[in-house]
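Right, one structure below, let's go through it.
The values are calculated or read from the model by the stated rules, or taken from the named source; none is laboratory data. As the structure is a computational prediction, the values presented were derived from the model and not from experiment. Note that we place each Cβ from the backbone using ideal geometry, even for glycine, and neighbour counts take in every protein chain shown. Heavy atoms of the whole protein, side chains included, go into the accessibility calculation; ligands, DNA and RNA do not. Shrake-Rupley method; radii C 1.70, N 1.55, O 1.52, S 1.80 Å.
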Amino acid sequence: MKNAYWTNLFKNWGKTESETVTIIKKIPIFTELNKKELNEVSKLLHDRTYKPEEYVFKRHAPGEGMFIIQSGAVKIIVGETSGNSQVLAELSNGDFFGEMALLEDEVRSAAAIATDHSRLLGFFRSDLQILIERKPALGNKILQNLSKVVCTRLRKTNELLIQEQSDK
Amino acid sequence: MLIFAFLFSTILLPLVDHLESQIKSRALSVLIVTISLISAIIIFLKSFASGMLRQAREFSSQIETKGYAENLNSLAVRLELALKKHVNIPDIDSSNIVSKINDMVGDIIQNLVSLAGTIGGFIFTAIMVLIFTIILLANYHEFKKSLVQFIPNKYFEMGLRLIFNVEHQVSNYLQGQLLAASSVAIMSIIGLYILNATGANLTLVVFIGIIAGLANLIPLVGPFAGMLPAILVAVMNNIGSEAALSHQLFSTVPSPFYILDIILMFLIVQQIDNNLVTPILVGESVGIHPLVVMIALLIGGTLIGPLGMLLAVPATGILKVVGREIMFLTRNAHLL
């Protein structure tokens with residue numbers, strides 16, 4: 001009886017972190033989050049499965065949030081799928097995309113298609129808004145990290161632009 | 001029961017979320033909000049019941065000292081005479097009015113027994129609604145997430161957007177209704193105090209105001225339900241008073257026991273609420289034009305009566321959001 005009591009009391013001590021937490025803690029948007037906060041975020045994520053060649057979202061569709069690849073592969077394309085499409089990126093396990101939609105209510109600038117059986121984790125603007133209301137400190141950390149990601153992207157774009165101009 | 005639990009949790013959710021952001025515990029936030037709400041209801045009911053008891057005791061002592069039957073009979077004769085001066089009414093047999101009241105008291109006692117059963121049923125329903133509300137408040141976001149997972153991939157993002165918008169509209173509407181009810185309560189209390197200043201001798205003013213505000217949540221029937229306790233208290237407090245009996249509204253229209261004054265005051269409050277407060281607070285919160293709010297109230301009332309009127313505006317709000325999203329979808333169907 002005593003053993004069962006102590007076992008129940010400390011049942012979470014030896015517990016390993018969930019698969020979702022293992023994946024999201026490597027995502028720049030969720031870095032600097034402690035174990036408890038990561039668990040909190042993992043409860044908000046939507047687990048979705050996609051077949052090969054299934055659209056995650058189309059270009060110009062309203063964007064509601066970002067996706068993290070738990071398993072499988074996704075390609076990001078611009079242009080029409082029928083012919084003159086251009087693959088911008090091929091993403092795999094642990095990569096993320098669509099994070100701009102967390103900040104603005106705008107249409108998608110590119111399409112995302114699953115190239116394999118894929119499991120994606122969705123994190124959406126409405127969930128981020130609720131998180132900011134319920135746990136402002138955690139919401140602020142995520143927003144700060146999101147700003148850093150956007151800044152890094154902007155800096156890289158600037159560098160590419162400068163490089164292109166100097167090449168001319 | 002589930003609908004009421006959902007409505008209560010929608011009203012209380014922003015409060016619980018806000019409290020959770022302060023004390024960092026969902027369970028404790030739900031507990032604090034629920035206990036505060038129950039305490040407020042109990043305090044209100046307790047002080048209302050004790051106020052009513054005090055009122056009833058004073059009334060019964062008035063009956064004993066002043067001769068209730070004589071007063072009532074003379075009142076009936078006077079009322080009949082006064083009314084006959086202004087309106088043509090069929091003859092009323094005022095001589096046996098006391099015996100009729102005695103019969104009515106017997107009926108009331110019989111009805112009290114069945115009322116006890118109804119109260120038992122009501123308490124059971126109230127407890128169940130409370131339990132459902134607590135469960136919904138504690139697990140609202142997880143509950144919503146588990147429902148959302150059934151949306152197909154193609155419509156997933158659009159579905160989330162739709163749910164968020166609908167949720168937002170319903171929550172705003174309910175909060176708007178509560179604000180409108182509060183404004184009716186405050187305006188009624190002010191109005192009753194003004195009547196008291198003119199000598200109406202009303203007691204339980206705050207309670208009558210709160211009842212008027214709560215009754216206002218049910219359109220059409222509510223405003224009249226709010227009037228009744230005020231008239232009852234005015235009659236009980238002023239029985240035997242010559243001045244109250246011969247009181248005239250604007251010194252022209254006979255208004256025994258300030259009854260017409262009370263009705264006029266509540267009608268003014270209702271007009272201010274219907275034409276100013278509700279269209280601004282409720283109409284704007286759902287983003288519907290005041291004219292559409294009124295048409296929705298008319299349609300809801302015609303279809304399913306007072307309940308239809310109560311549900312008309314949130315239903316219109318939901319329809320508007322769903323319609324807007326469907327129009328957006330049909331325009332952009334190629335994007336899904």
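The C-alpha atoms of chain A define a longest principal axis, and helix A:125-134 lies at about 40 degrees to it.
Under a 1.4 angstrom probe, counting protein chains only, how are B:H18, B:H247 ranked by accessible area, largest first? Show your work: numbers first, answer last.
On the way: B:H18 105, B:H247 35 Å².
Final ranking, largest accessible area leading: B:H18, B:H247.
A simple spin-label model places the labels of A:E159 and B:I127 6.8 nm from each other, with each point 7 Å out along Cα-to-Cβ.
Taking each residue in A:126-138, count the Cβ atoms of any other chain within 10 Å of its Cβ, then average. What number comes out?
Values: counts 9, 6, 0, 2, 7, 2, 1, 6, 10, 5, 2, 2, 2.
Going residue by residue through A:126-138 and averaging, the value is 4.
If each Cα of segment A:17-167 is one equal point scatterer, what is log10 of I(q)/I(0) from the Debye formula at q = 0.09, 0.20 Å⁻¹? Results for segment A:17-167 at q = 0.09, 0.20 Å⁻¹ read -0.30, -1.33.
Between the Cα long axis of helix A:35-44 and the first principal axis of chain A there is an angle of about 60°, rounded to the nearest 10.
Per residue of B:140-147, how many C-beta atoms from partner chains lie within 10 Å of its own C-beta, taken as a mean?
Details: counts 1, 6, 2, 0, 3, 6, 0, 0.
Taking all residues of B:140-147 together, the mean is 2.
Take B:K154: with every protein chain present and a 1.4 Å probe, its accessible area is about 110 Å². Contact-buried residues of segment A:42-65, at a threshold of 40 Å² lost accessible area versus the chain by itself: A:K43, A:H46, A:R48, A:K58, A:P62, A:E64 (1.4 Å probe; DNA, RNA and ligands ignored). Over chain A, DSSP H runs of length four or greater, each weighted -39,500 (n - 2.57), average out per residue to a 222 nm ellipticity of -12500 deg cm²/dmol. Exposure check, 1.4 Å probe, all protein chains in place: A:D127 carries approximately 20 Å² of accessible surface. Neighbours of A:D105, meaning other residues whose beta-carbon lies under 10 angstrom from its beta-carbon, give a summed charge of -1 when Lys and Arg score +1 and Asp and Glu score -1. The mean sequence separation of alpha-carbon pairs under 8 Å and at least six residues apart, normalised by the residue count of segment B:153-336, gives a relative contact order of 26 percent. Considering only chymotrypsin sites (Phe, Trp or Tyr not before Pro) in DSSP loops that have at most 12 other Cβ atoms within 10 Å, the longest stretch of chain A without any of them is A:14-168. Pairs exceeding 23 Å between alpha-carbon atoms, taken from B:K24/B:K145; A:K148/B:K24; A:K58/A:K156; A:K35/A:K135: A:K148/B:K24; A:K58/A:K156. Taking square-rooted eigenvalues a ≥ b ≥ c of the alpha carbon gyration tensor, is segment B:153-336 rounded, prolate or oblate, where a/c under 1.5 means rounded and, failing that, a/b exceeding b/c means prolate? Since a/c reaches 1.5 and a/b is larger than b/c, the shape of segment B:153-336 is classed as prolate. Across segment A:17-167, the relative contact order, built from alpha-carbon pairs under 8 Å that are at least six residues apart, equals 30 percent. By accessible area, using a 1.4 Å probe on protein heavy atoms only, segment A:17-167 has 50% of its surface on carbon and sulfur.
Computed with a 1.4 Å probe on the full set of protein chains, the accessible area for A:K35 sits at about 130 Å².
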